[in-house]
Amino acid sequence: MNKLIYNKLSDDELLHKIVYEEKLELYEVIYNRYIQKITDKSYSFLKNKSLAKEFANDILIKVYEKLPKFKGNSSFSSWLYSITYNYLIDYLRKQKHLHYPSWNTANDLPEIIDESTLELAEIDYDNLMLVFEKIHPEEKALLLMKYQDSLSLKDIASSLVISEDAVKMRLKRARARVIYLYHKEFD
């Protein structure tokens, strides 16, 4: 098979060839398929193009090293995005000393926020991105995992090493915070 044919293979087919047939050179196809997406996700958190490119490369190297541990319980892209978000959140926690429970307590929301007044899908994208910069990176990651990458609650819980109930609670709080900040900024 030539390279063009390999590019047409699904992630699962490529992973099978890489892991079980030991065609390690095929990881380049996976790398090329995801490098820009991972760079964009990294940039959305880091706001630094060169650092985002460096992180994307580091993440894809880390994924390569972990390929034998990929069980296929979720799609490869879900697994990859989980690793990406964890890597970014860990970095931001260390850099900014952002421990989520402490941050959440310090940035408490008003008791009652009517989430029915606004759906996230109804918010202007540019304004939503401005609001996303004001929330905790873990809340941002949760919302992106759920609504942009369509990860299941189980995958999100596994990724963040928290329970599914904690994911539900944090998602609800993150949506409420976004709606509250949106109304505060743009109403």
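Residue by residue, here is whether (1) buried (at least 17 other Cβ atoms within 10 Å of the Cβ); (2) of a type in the set (D, E, K, R); (3) touching a Phe, Trp or Tyr at 6+ places or on another chain (Cβ under 6 Å) holds:
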| position | (1), (2), (3) |
| --- | --- |
| D12 | no, yes, no |
| H16 | no, no, no |
| K23 | no, yes, no |
| Y31 | no, no, no |
| D40 | no, yes, no |
| L46 | yes, no, no |
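Quick check: is even one residue across the range 152-163 in contact (Cβ under 8 Å) with a residue 40 or more places away in the chain, of a type in the set (V, I, T), surrounded by 14 or more Cβ atoms within 10 Å (Cβ to Cβ) and under 21 Å from T84 (Cα atoms)?
Yes, the conditions are met somewhere in the range 152-163.
May I ask you to list pairs of residues, at least six apart or on different chains, whose Cβ atoms are under 6 Å apart, with the first in the range 123-147 being free of Cβ contacts under 8 Å to residues at least 40 places away in the same chain and aliphatic (A, V, I, L, M) and the second being assigned to a helix (DSSP H, G or I) and surrounded by fewer than 19 Cβ atoms within 10 Å (Cβ to Cβ)?
Once the first residue is free of Cβ contacts under 8 Å to residues at least 40 places away in the same chain and aliphatic (A, V, I, L, M) and sits in the range 123-147, its partners that are assigned to a helix (DSSP H, G or I) and surrounded by fewer than 19 Cβ atoms within 10 Å (Cβ to Cβ) give L142/L171.
Taking the stated definitions as given, is I5 touching a residue at least 24 places away in the same chain (Cβ under 8 Å), outside the structural domain of K134 (by TED's automatic domain parsing) and either of a type in the set (V, I, T) or farther than 30 Å from K134 by Cα (or both)?
Here the answer is no, as I5 does not meet what is asked.
Can you pull out every residue in the range 130-187 that is of a type in the set (S, T, Y) and either within 25 Å of K94 (Cα to Cα) or touching a Lys or Arg at 6+ places or on another chain (Cβ under 6 Å) (or both)?
Matches in the range 130-187: S158, S159, S163.
Exactly one of these conditions fails for N48: (1) more than 13 Å from the chain's Cα centre (by Cα); (2) under 18 Å from Y147 (Cα atoms). Give me its number.
Single failed check for N48: (2).
With (1) in the same structural domain as A166 (by TED's automatic domain parsing); (2) farther than 27 Å from D11 by Cα; (3) at pLDDT 80 or above as the list, and N107 as the residue in question, which single condition is left unmet?
All conditions are met except number (3).
The values are calculated or read from the model by the stated rules, or taken from the named source; none is laboratory data. In this text the structure is predicted, and so the values were computed from the model without any measurement. When we count neighbours, we look across all protein chains shown, and the Cβ atoms used for this are built from the backbone with ideal geometry, even at glycine.
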